[in-house]
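Visitor: One structure, pasted below without further comment.
The values are calculated or read from the model by the stated rules, or taken from the named source; none is laboratory data. No experiment lies behind these values; they were computed from the predicted model shown. Here Cβ is always computed from backbone atoms with ideal geometry, including for glycine, and neighbour counts include all displayed protein chains. Accessible surface is based on the protein model in full, side chains and every heavy atom, while ligands, DNA and RNA are left aside. Shrake-Rupley method; radii C 1.70, N 1.55, O 1.52, S 1.80 Å.
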Amino acid sequence: MAVSPRDLRIVERARNDRWQLPPLRIEMSECINCDACIRHCPPQFGAVFNHGIDVIIVPELCSGCGKCLDPCPVDCIYPDPYWQPPPEDWWLEPNGPEDPYV
């Protein structure tokens with residue numbers, strides 16, 4: 001079975017070097033947890049997850065494509081040009097039991 005590019009990014013915990021746009025981030029103080037961003041994130045990236053009471057974007061999986069921006073009713077998603085690797089527990093979501101992209 002072939003490994004998908006997303007699976008490879010999950011294993012390596014690294015963004016695709018060719019992606020020109022910064023990853024996006026969700027400002028949870030503005031988010032209303034509607035999950036529109038999760039439903040609109042393309043599955044080949046699969047970067048947006050429910051994580052406890054928060055909605056998160058794993059920066060290594062986010063291409064910065066912006067498909068999640070227009071559906072967001074409160075405009076709480078922003079470019080994150082100074083992103084840092086996420087907390088270790090965020091990596092439990094991709095390919096985890098509740099991963100909406102698998």
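Visitor: Got a sec? What order do I77, I32 fall in by accessible area at 1.4 Å, biggest, i.e. largest, first?
Guide: The ordering from most to least exposed comes out as I32, I77.
Visitor: Can you give the accessible area of D7 in Å² (nearest 10), computed on protein heavy atoms with a 1.4 Å probe?
Guide: Solvent-accessible area, nearest 10 Å²: 50 Å².
Visitor: Let me ask something additional. Could you work out the per residue convex hull volume over the alpha carbons of the chain, in cubic angstrom?
Guide: Dividing the Cα hull volume of the chain by its residue count gives 100 Å³.
Visitor: Also, I was wondering about something else. In nm, give the distance between the simple-model label positions of H51 and V11, each being 7 Å from the Cα along the Cα-to-Cβ direction.
Guide: In this crude spin-label approximation the distance works out to 2.3 nm.
Visitor: Still on this structure, I have one more. Suppose a student asked you for the relative contact order of the chain, using Cα pairs under 8 Å spaced at least 6 residues apart; what percent would you report?
Guide: Here the relative contact order equals 35 percent.
Visitor: Give the distance, in whole Å, between the Cα centre of the range 1-42 and the Cα centre of the range 71-94.
Guide: Here the answer is 8 Å between Cα centres.
Visitor: List the residues, sorted by chain then number, that are 5 or more residues from H51 or on another chain and whose placed amide H is less than 5 Å from its amide H.
Guide: Amide H neighbours of H51: I56.
Visitor: Relative to the present Cα-Cα distance, how much length would full extension add between E98 and E27 at 0.36 nm per residue of separation?
Guide: 23.4 nm
Visitor: When ligands, DNA and RNA are left out and all protein chains stay put, how many square angstrom of accessible area per residue does the chain have with a 1.4 Å probe?
Guide: 61
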